1. Can you pull the semi-axes for the chain, root of five times each eigenvalue of the Cα gyration tensor, sorted largest first, whole Å?
2. Please work out the C-alpha center-to-center distance from the stretch 84-126 to the stretch 48-68 and express it in whole Å.
3. When Lys53, Lys95 are ordered from fewest to most other Cβ atoms inside 10 Å of their Cβ, what list results?
4. For n ≥ 4 DSSP H runs only, could you compute -39500 (n - 2.57) per run for the chain, divide by its residues and tell me the 222 nm figure to the nearest 500?
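Each reported figure results from applying straightforward, stated rules to the coordinates on display, with no laboratory input. Nothing here was measured: the structure is a model prediction, and the numbers come from that model. Positions of Cβ are backbone-derived with ideal geometry, glycine not excepted, and every protein chain shown enters the neighbour counts.
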Amino acid sequence: MNRKERVLVSRTIAVPADTNPWGDIFGGWILSLMDIAAGTVAARLARGSIATKAITDVIFDLPIFVGDEVSVYSEIEKIGNTSITLNVFVTIKRKGEDSEQDAVRGTFVMVALNEHRRPRPVREKWSEIQEKCDGK
Ligand SMILES: CC(C)(COP(=O)(O)OP(=O)(O)OC[C@H]1O[C@@H](n2cnc3c(N)ncnc32)[C@H](O)[C@@H]1OP(=O)(O)O)[C@@H](O)C(=O)NCCC(=O)NCCS
């Protein structure tokens, strides 16, 4: 996994149960998908429990509608001592269209936790990740 490589983490279809009273898809549902994606990647790198510490710079550029194919990508921005910062991108593919468009983005800071739910060092270091990539 390269630092700035966008990796597809999940893909789903927006359905009526995910809409707000005005018929658009709930922002909270989209944030949930993004949080799960960031958590999935961070938990793998941390090899254990993680918690969301901060969500910043979330921008909703396009509305998401029922029937849109929703894809969530993440890229690692930074690995700190106990935290992993990821940029998360949501793209949509509208019904009948061939290409994906960027719809939502945000930055997630995930903290690795020990058995007492306190921050612990992230085990996976950049140097190790780069070594694995170089060894591919
Ligand atoms: C996650 C938690 C254990 C961190 O505890 P803490 O006392 O803030 O820990 P620290 O101050 O040691 O910071 C831990 C890391 O987060 C980073 N951090 C702390 N506050 C931050 C902020 N406001 N924005 C970005 N990063 C932040 C620190 O820089 C540190 O990273 P580093 O070690 O890589 O430098 C604690 O805040 C917590 O339990 N929060 C609730 C988590 C939760 O319920 N999330 C939602 C469900 S998962």
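1. 30, 17, 11
2. Centre-to-centre distance over Cα atoms comes out at 8 Å.
3. Lowest to highest Cβ neighbour count: Lys95, Lys53.
4. -7000 deg cm²/dmol
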